[in-house]
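A.B. asks: To start, I am sharing the structure in question, which I have written as structure tokens.
The values are calculated or read from the model by the stated rules, or taken from the named source; none is laboratory data. Just so we're clear, the structure is a prediction, and the values are computed from it rather than from any experiment. No Cβ is skipped: glycine too gets one built from the backbone with ideal geometry, and neighbour counts run over all protein chains shown. In case anyone asks, the SASA skips ligands and DNA or RNA and just uses the protein heavy atoms, side chains included. Shrake-Rupley method; radii C 1.70, N 1.55, O 1.52, S 1.80 Å.
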Amino acid sequence: MTLTPHEVAVSQLATDQAVPLDRIKSLRFIKNNIIGNKTKKDLYIQLGIVSRLQDIISTKDDKDSQLKIQAVIVLGSFAFGNESNILALTNSGVVEPLLNCLNIVGDPKLIEAAARTLNAIYSSPKVSRQQLFMGNHLHVLVQLLDTFSNKHRPGQEIIQVHTAELVASILARCCETLEQQMQIADSGAIPLLMRLLASGVSKSQEAALGALAALVKDNPELAQVIAQMRLEKGERPAPFILRLVRDKSPTMRLAAATCLTYLNRAGVIPEHNSDIMLTVLPILVKMLQLTGSVQETAPQVLAHLIWESENMQKAVCDMEAIPKLASIISQMDEEDNVYGIVGQKDKLKENSLLALAAISQLKEDCRKQVIEAKVLSHIVSAMSHPSVGVRAAACQCTRSLSRSVKNLRTSLVDAGIENPLFQLLSDEDLGVLRSATATLCNIVLDVSPMKKTIMERGIVSKFVRMISYGDNVVRLNTVWAIKNLVFEAESDVKENVMRQFGYNNLVLLLNDSEPAVQEQALNLVRNLAHRREHDIEQVFKGLGNGQLLSIIEEKLSWDDPKLLEHALYVLVNIATGSEYHKQSILKRQGILRSVLRSMNHESPAIRVASIWVIINLTWPDDKVPDSVHECVTLLRSMGIEDRLLALNADHDLDVRDRVKTALQHFLADQQQYGHGNNSNNNNNNGVSSTTTRAMSTTTGMMSPDLTGSGNGRHSHMSSRHHNPQQPPQSNDPSASSSSGDAHGGSGGAGSAMDTTHIVTGRSGAGGGHDRR
Amino acid sequence: MPVFARIATADPVEATAITALDLITVPSSTSSSSNASPSTSPLSVSTTDTDSSTSSVLYQGHLVSCPCHNPTDADQPGFAQLKQQALLKQQQLALLQQRLKEQEEGQQEVLRRERMARLQRLRRRDPYEGVRLLPTRTCHLYPGSKFEGKQQSGSNSYGVVVDIKHVNLNDSTLCGYLHIKGLTREYPELTTFFDAEIVGPQYTFLTRKWDATEGTDEEHWALFQQFDVDSLYNIASHQEELRDSDVVFMRWKEHFLVPDHRVEGITGASFAGFYYICYNKRTGDINGYYYHQSSEKFQQLTLSHVEGRKSFGSYEFR
């Protein structure tokens, strides 16, 4: 049995073997053999070459740097383009000795070779980045970016530049987490990267852009630091990078566009918004038609750039990006079918789906284009793709598309998204689970025919598990889904949901650590206690005696306007319930004071909500006229009528209209029970006259011949109301209006039927509130 | 030095440390917290200090010994002794400085963690979070709102109910269901899905589709008394904020049947055209005229808002 030349070569590498020159020779032999030859690489790895190489590069002896250099180059060759080889290298622990080779005073050739090999190793996201951030390694690495210092060695400039590029690339690849970003920034890398950016050497600039982009991605703090820096001529980085976006090299264009995208999303270059719109967007869209890594990355950058920007989404839509993305996705599916190649272009597919999701996030027009591009069936099949990234992105797409009543009723039903979606709700990947639960929120709406089928599959029984999954986003999405599901739902659906979900869980969510979850939980209460007295009663029972109102009282004291609005609407809804429900609100001074306070809130929506509470509480009810009277009296004594009168001049039309309705209730009460009621004796006359005056204003504004007055468009009408004294200023209630007369006439007769009738009749004439 | 400024107000150990510092840095000075005589020599410092002995105090939960002057040596305090005291105090000071440093580092660590947590939250942010499709409403137009009325076609009148399902004022759109009664025998009640283009920042009075010419537009809009013919071509007036105006002009376009959107072609009924709509915010009334090339002209839709003691649910797209 003889040894193959390969075995001989490996055996000669042993430290106790041969003279250094022979070992170098063997390394050269191996290097030439394995370059570009996967089989031979595998062979050598099986022969145990990695540990031999590791021994060589681990020696402290700095004299034989030639040997080390060759060993490092061979390691790099193994690492190139093959993830399993990379993992074989890292598992034997080559990273630490390679990092040790980056000695600033060492042989520049060795440093460059080590940087190159490390860069190849870090191309795999599966390799741990931990060692780089231990000890002194990062500091040393960052120093290598400095090609300008006086450590210059004549004749080594080119090597130093190459090394700096490699180091920038390593940094870009080791900058995934926030911790890593901050550590790299703290190590002083940013100014050195800036100088590399301004160096004028294309490859260096590209590498610097890559590292800077990685540093500012989702990091507004570093983005701010970088945006505020100055290049050597005093220029800010953003305009400089904008010029690089027009470079002739596609990779440079992409690198520059990526960097600008992250800066833009961090909100630190608002002055360049239009540049980005006019320059960066079209360049990214054009890249969709290139090939290779540029085409693969461009849609991801595009998506990142346009999230949350309606204008950019529309602009991209107008650039015909949707058909381009659609054809990338559908072509890929065809190729998969023909060649059976799976996994090769997963990233391109994932990124393209993400771009579609971003484009159709906000505009119905853009959603329409996606549907018309006939890509939906591909999106739906991608929801069952083996790659988690593709599944999550496809689900994000359906999420965007399902933000439309029209799509929920048509194309999404036709495409059958509920089956794959239901599957994804049990996915093991958190990203997938997040986007699936988000999509679910839209699918369970009452306008969606899929609500029924997904409920029949037992979605409700999954809610409890989803809540306790331990992720804030999944928990938020779940409450959101439940509240959407019970919106306008029948009583039995609500009861079924709450039986399985449990009011105890609802209470937990109402006191969740995340305000966003609380908001949704409160909205859920609002939807549960909605429309039917029975439904309100269920919530009262479910939450336990008194607890519902205690929770609302607490939420009303919060500053968060979203919580406040939902809390007020819970009251609005409860106030449509039974006498008991109404009384339970009126018993709570704290709640009533909060309502009064909310009537002055800066947000018109909240003012409207608080006035609705008053409207519903004082709604004339002929079954319990005394109780309504007591309620009005109580609210009047708290100063609510005065507050309403003040709101008569509110600048918001909706507020003014609600105020009118509410004041009608107060007026009706006053006209029925007269002036002699309790608790307000000292200013009773004043109030009643102002109320009456306000009401005559109301009547005037609502009468048809005055419609449109004030906007000056209808000159032909102005002759009809030439009286500049509008509104009437009469202090005499009985003379204020015909309806006032009618009320006055029936006042004191105690006939509740009459009163209601009159109110109805008058409201009807004013086009108002007659449908109870 | 801010560090010592802080010490001066703190506990006995710190006070000792200041003394020590003075002794070390200014050996010729006699400053001591307990010494009243400013002109005495270093030797006299300890003689006046007879009351103090080695004592222990609790400092941050640790029992710390405070080396003071030994009373037995008080009579003859030598230089070596003084030096030893100084050394001890120096150690004490070092300990204290170390503690302060740790404390400061601890505070910095807390700040750093808070900063990182804040940045971390931003990173994890759902890209849909900052642009929620919060429900929008204006007066009678809100999801769940209902309008009732009729459509007049020649001498025939059909009952109509409109359910508003979604309102997106930011996108100048809304949509809903339109139920119409008795239009055909086959369908005693027909329900269609419609969406609306609200004339405003996004849509002008000019339709430019659905077979409507500018003439058609003018002829229909002019049927509404609130419409000002001048605004037909006046782009600027379209930009008017919705909330400032008493009326809202819209186009309603029906798209498909509810519940089954796949049904096509109903004998005796068509929804190929669209409605010119005028909604009055004050009265809650909606007026409309149906337009389709081959349908009877000016079929009128009149609706009014269904009022009542109101309960409001709320949903939001995610």
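A.B. asks: Looking for whichever is open to solvent by 20 Å² or more (accessible area, probe 1.4 Å), without any contact (Cβ under 8 Å) to a residue 60 or more places away in the chain and over 17 Å from A:A438 (Cα atoms) here; the options are A:R475, A:R465, A:R457. Which one fits?
C.D. replies: The unique qualifying residue is A:R457.
A.B. asks: So, one more: Go through the residues of region A:572-580 one by one and say whether even a single one is more than 14 Å from chain B (Cβ to nearest Cβ) and within 32 Å of the chain's Cα centre (by Cα).
C.D. replies: So far as region A:572-580 goes, no, none of its residues is more than 14 Å from chain B (Cβ to nearest Cβ) and within 32 Å of the chain's Cα centre (by Cα).
A.B. asks: Can you tell me which condition A:D446 does not meet? The list is (1) open to solvent by 40 Å² or more (accessible area, probe 1.4 Å); (2) in a loop (DSSP other than H, G, I, E, B); (3) over 27 Å from B:P135 (Cβ atoms), and all the others hold.
C.D. replies: So A:D446 meets the others, but not (3).
A.B. asks: Specify the residue that is farthest from the other protein chains (Cβ to nearest Cβ); the eligible residues are those in region A:388-417 that are more than 19 Å from the chain's Cα centre (by Cα) and among the hydrophobic types (A, V, I, L, M, F, W, C).
C.D. replies: This residue is A:V388.
A.B. asks: Given the residues A:A521, A:A516, A:A481, which is the only one that is surrounded by fewer than 21 Cβ atoms within 10 Å (Cβ to Cβ), assigned to a helix (DSSP H, G or I), touching a Leu at 6+ places or on another chain (Cβ under 7 Å) and within 14 Å of another protein chain (Cβ to nearest Cβ)?
C.D. replies: None of the others qualify; the one that does is A:A516.
A.B. asks: Would you pick out the residues in region A:484-510 that are away from chain B (no Cβ under 14 Å) and acidic (D, E)?
C.D. replies: Across region A:484-510, the qualifying residues are A:D492, A:E495.
A.B. asks: In region B:181-207, what residues are small (G, A, S), surrounded by 15 or more Cβ atoms within 10 Å (Cβ to Cβ) and either farther than 21 Å from B:F256 by Cβ or more than 12 Å from chain A (Cβ to nearest Cβ) (or both)?
C.D. replies: If the condition is that a residue be small (G, A, S), surrounded by 15 or more Cβ atoms within 10 Å (Cβ to Cβ) and either farther than 21 Å from B:F256 by Cβ or more than 12 Å from chain A (Cβ to nearest Cβ) (or both), then B:G200 is the only one that fits.
A.B. asks: Further, regarding this structure: For the structure I just gave you, tell me whether A:R531 is within 11 Å of chain B (Cβ to nearest Cβ), open to solvent by less than 40 Å² (accessible area, probe 1.4 Å) and basic (K, R).
C.D. replies: The answer is no for A:R531.
A.B. asks: Please state which of the following conditions B:K310 fails to meet, knowing it meets all the rest: (1) more than 7 Å from chain A (Cβ to nearest Cβ); (2) under 30 Å from A:C441 (Cα atoms); (3) basic (K, R).
C.D. replies: Here B:K310 clears every test but (1).
A.B. asks: Taking only region B:84-135 into account, find how many residues are of a type in the set (D, E, K, R), free of Cβ contacts under 8 Å to residues at least 40 places away in the same chain and within 14 Å of another protein chain (Cβ to nearest Cβ).
C.D. replies: 12
A.B. asks: Only residues that are assigned to a loop (DSSP other than H, G, I, E, B) and open to solvent by 20 Å² or more (accessible area, probe 1.4 Å): list them for region A:107-126, please.
C.D. replies: The answer is A:D107, A:S123, A:P125, A:K126.
A.B. asks: Looking only at helices (runs of 4 or more DSSP H) that fall completely inside region A:141-259, which ones have 3 or more residues that are in the same structural domain as A:N103 (by TED's automatic domain parsing) and open to solvent by less than 30 Å² (accessible area, probe 1.4 Å)?
C.D. replies: none
A.B. asks: If you don't mind, another one. For region A:389-407, state whether one or more residues are surrounded by fewer than 24 Cβ atoms within 10 Å (Cβ to Cβ), touching a Ser or Thr at 6+ places or on another chain (Cβ under 9 Å) and polar (S, T, N, Q).
C.D. replies: No: region A:389-407 contains no residue that is surrounded by fewer than 24 Cβ atoms within 10 Å (Cβ to Cβ), touching a Ser or Thr at 6+ places or on another chain (Cβ under 9 Å) and polar (S, T, N, Q).
A.B. asks: Look through region A:74-106, keep the residues that are assigned to a loop (DSSP other than H, G, I, E, B) and β-branched (V, I, T), and return whichever of them is most open to solvent (accessible area, probe 1.4 Å).
C.D. replies: A:V105
A.B. asks: Name the one entry in B:R121, B:R132, B:R112, B:R125 that is at pLDDT 85 or above, under 30 Å from A:Y262 (Cβ atoms) and either small (G, A, S) or open to solvent by 80 Å² or more (accessible area, probe 1.4 Å) (or both).
C.D. replies: B:R112
A.B. asks: Hey, can you tell me all the residues within region A:553-571 that are in contact (Cβ under 8 Å) with a residue 40 or more places away in the chain and over 27 Å from the mean Cα position of the chain (by Cα)?
C.D. replies: A:E553, A:L571
A.B. asks: Of the numbered conditions (1) under 22 Å from B:E316 (Cα atoms); (2) touching a residue at least 24 places away in the same chain (Cβ under 8 Å); (3) more than 9 Å from chain B (Cβ to nearest Cβ); (4) assigned to a helix (DSSP H, G or I), A:P420 satisfies every one except a single condition; which is it?
C.D. replies: Against the list (1) under 22 Å from B:E316 (Cα atoms); (2) touching a residue at least 24 places away in the same chain (Cβ under 8 Å); (3) more than 9 Å from chain B (Cβ to nearest Cβ); (4) assigned to a helix (DSSP H, G or I), A:P420 comes up short only on (1).
A.B. asks: Suppose the filter is under 15 Å from A:L356 (Cα atoms) and either open to solvent by 60 Å² or more (accessible area, probe 1.4 Å) or assigned to a loop (DSSP other than H, G, I, E, B) (or both); does A:E335 pass it?
C.D. replies: For A:E335, the condition - under 15 Å from A:L356 (Cα atoms) and either open to solvent by 60 Å² or more (accessible area, probe 1.4 Å) or assigned to a loop (DSSP other than H, G, I, E, B) (or both) - is not met.
A.B. asks: While we're here: Are any residues in region A:278-287 farther than 18 Å from A:L356 by Cα and open to solvent by 30 Å² or more (accessible area, probe 1.4 Å), and if so, which ones?
C.D. replies: Scanning region A:278-287 gives a single hit, A:L278.
A.B. asks: What are the pairs with Cβ atoms under 7 angstrom where one residue, in region A:603-632, is closer than 15 Å to A:L644 by Cα and within 9 Å of another protein chain (Cβ to nearest Cβ) and the other, located anywhere, is in a helix (DSSP H, G or I) and among the acidic types (D, E)? Sequence gap at least six, or different chains.
C.D. replies: Between residues of region A:603-632 that are closer than 15 Å to A:L644 by Cα and within 9 Å of another protein chain (Cβ to nearest Cβ) and residues that are in a helix (DSSP H, G or I) and among the acidic types (D, E), the close pairs are A:P604/A:D654; A:V608/A:D654; A:A609/A:E565.
A.B. asks: Are there any pairs with C-beta distances below 6 angstrom linking a residue in region B:251-273 that is within 13 Å of chain A (Cβ to nearest Cβ) and under 19 Å from A:N407 (Cα atoms) to a residue that is part of a loop (DSSP other than H, G, I, E, B) and open to solvent by 30 Å² or more (accessible area, probe 1.4 Å), with the two at least 6 apart or on different chains, and if so which?
C.D. replies: B:E254/B:F271; B:L257/B:V263
A.B. asks: Right, another one. So if I check each of A:D55, A:D64, which one is under 56 Å from the mean Cα position of the chain (by Cα), of a type outside the set (A, V, I, L, M, F, W, C) and open to solvent by 70 Å² or more (accessible area, probe 1.4 Å)?
C.D. replies: Only one candidate passes the filter, namely A:D55.
A.B. asks: Return the residue satisfying two criteria in turn: it lies in region A:652-669 and is closer than 12 Å to B:C139 by Cβ and of a type in the set (A, V, I, L, M), and of such residues it is nearest to the other protein chains (Cβ to nearest Cβ).
C.D. replies: Only one residue tops the list, namely A:L653.
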